[in-house]
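What follows draws every value from the coordinates through simple rules; no lab data is involved. Quick caveat: nothing in here was measured; it's all calculated off a predicted structure. So basically every Cβ, Gly included, is an ideal-geometry build from the backbone, and we count neighbours across all protein chains shown.
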Amino acid sequence: MMKLPSKDRLPRPTRRLATDHFGSGTGYARILLLLATTLAAAAAPKAAEFRAGTSAIKITPSKPIWMSGYGDRNHPSEGVLTDLWAKALAIEDKRGTRIVIVSTDLLGLTRSITDQVSARAQKQWNIDRANLLFNSSHTHTGPVIKSKMAMFELEPGDQAVVDEYTRDLVEKLYTAIGSAMADLEPATLRYSIGTAKFSVNRRQFTPNGVILGVQPDGPVDHGVPVLEVRKADGSLKTILFGYACHNTTLNHYKISGDYAGFAQIEVQKKYPGVNAMFLLLCGGDQNPNPRRSDALAMQHGASLASGVAAAVDGNAKQDLKGRLRAAFQFTDLAFRVHTREDFEKETKHASHFNRLRAKVMLAGYDNGHPVRTLAYPVQAIRLGDGPVVVALGGEVVIDYAIRARKEFQKEKLVVAGYSNDAACYIPSKRVLGEGGYEADFSMVYYGQPGPFADDVEERIFGTMRRVMRRIGAK
Ligand SMILES: [Zn+2]
């Protein structure tokens, strides 16, 4: 492939020429500069439709820290099985529009964190909030992060470790975005879809209601959307892949990225030099199956990496071109009606989680602002003529991905949950009606007042249609 003259070298002789022969500041100088720039653009290989940059920053806790995801843990972490990462992919189109996707091996990023980082990114690099997507793998073997409602009432020393980790994380996310932007270079994008079959619907129906188990007949999505980013010379730079499944193979005290962590490691082994990034899709009601050993987490990771490799090495791929577009909007999701008495009663509940939730809710009543709604983030990012990534906040169940693909059949949709906020589970109308963990009692752990009102799915789809219209979706 032809080697381009460096950006510095090309305009410089032109400038000298302009000064020597035509005098400085003349119209000729400007025309020549313009000509040089145009020639440089024309000389660029046709393949480089975009520019892309990528980064990876280690976010493994440096000391023992309380771990997130399971309420029955009773002490901090004991060692590290795999490192945790914050990774970023920046993409720029020919008009100079940039989007940045940030992946994290964490249970979830709170709104407070994504607000802080996006405000700084806006100020520093002029990235609009809509053009910045934060996603978390929802690993259940990662650190506790500071949030309004703690799963544990930590001792001051342990809380200080969590606070310090959270402050550090904000800096690292900001640095990851900056590093990806500083790395921008001519790039091509390719889209394909693989398959991995280890996720299973976990909403098991029993005579006593829905439990967290295995429901082989329940809806699943075994698709593995893959975005390949290649440098101008054709070599692989970044592979971003998604899957709709909880990172809950493991429940122990070693820090790890669970199956998604192992999948990233495997993909990077298979394609040396690549930055592998994981995007969690609508896995709210999906679990890996079977579970509960390091060997199984590795096995699921290898299975996901094989799905990615089959897509990368296969022929059914689309080379992307065109514009990047993004839209983002918060919508208010209403909770079912509650009263002060509900939570006064709950202060005497047998479970300490309920007592804690009651305390948070009563504080809302006390200050005159009982929690009635949740500000919910809905985002859509169009990658040229390729996929549209719809990014929804919270633990979104699979029904949303299935319905969104039906509603927007003309688009290649990738529907991600666990994006931009981690406020609670997001049940569909069906799941809300059936009840169970995702519909109802998970709200206690998240410090939310109770189930959503029945129109939660309609409100989210109403907002999804609005953001999709703004990126020109049909
Ligand atoms: Zn979860």
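Some observations on this one:
- For the pair Glu155 and Arg372, a Förster radius of 41 Å applied to the C-beta separation gives a FRET efficiency near 0.75, rounded to the nearest 0.05.
- Fewest-first ranking of His338, His352, using other Cβ atoms within 10 Å as the exposure measure: His352, His338
- Peptides 72-80, 437-445, 396-404 ordered by average Cβ neighbours within 10 Å, highest first: 396-404, 437-445, 72-80
- Nearest-ten-degree value, helix 156-182 long axis tilted from longest Cα axis of the chain: 30 degrees
- Per-peptide average of other Cβ atoms within 10 Å, ordering 368-377, 264-273 highest first: 264-273, 368-377
- Virtual paramagnetic centre 7 Å along Cα→Cβ of Lys123, amide N under 16 Å, in the stretch 151-176: 170-175
- Pairs exceeding 23 Å between alpha-carbon atoms, taken from Lys87/Lys237; Lys231/Lys406; Lys58/Lys269: Lys231/Lys406.
- If R0 is 51 Å, the Cβ-Cβ spacing of Asp233 and Glu78 corresponds to a FRET efficiency of close to 0.70.
- Footprinting exposure proxy for Lys474, Lys87 (fewest neighbouring C-beta atoms within 10 Å first): Lys474, Lys87
- Residue by residue, the stretch 426-432 carries 3J(HN,Hα) couplings of 10, x, 7, 4, 4, 5, 4 Hz when phi is fed to the Karplus relation 6.51 cos²θ - 1.76 cosθ + 1.60 (θ = phi - 60°); x denotes Gly or Pro.
- Separation of alpha-carbon centers, the stretch 431-464 and the stretch 167-238, rounded to whole Å: 24 Å
- Report summary: the helix-based calculation at 222 nm, which adds -39500 (n - 2.57) for every DSSP H run with n ≥ 4 and divides by the residues of the chain, gives -10500 deg cm²/dmol.
- The packing ranking of peptides 177-184, 216-223, 451-458, highest mean first, is 177-184, 451-458, 216-223, where packing means the average number of other beta carbon atoms within 10 angstrom of each residue.
- The gain in end-to-end length when the Lys254 to Asp217 segment is fully stretched comes to 10.0 nm, 0.36 nm per residue minus the alpha carbon separation.
- Two-site label geometry, Asp319 and Glu344: point separation in nm, points 7 Å out along Cα→Cβ: 7.1 nm
- Under 5 Å from the amide H of Ala326 lie the amide H atoms of Arg382, each residue being 5 or more positions distant or on a separate chain, with H modelled from the backbone and absent for Pro and chain starts.
- Mean Cα-pair separation over length for the chain, i.e. relative contact order, pairs under 8 Å, 6 or more apart, %: 16 percent
- For the chain, DSSP calls about 75 percent of its internal beta bridges antiparallel.
- Using a Förster distance of 30 Å, the FRET efficiency for Gln409-Ala453 (Cβ separation, nearest 0.05): 0.55
- Neighbourhood net charge (9 Å Cβ-Cβ; Lys/Arg +1, Asp/Glu -1) for Leu184: -1
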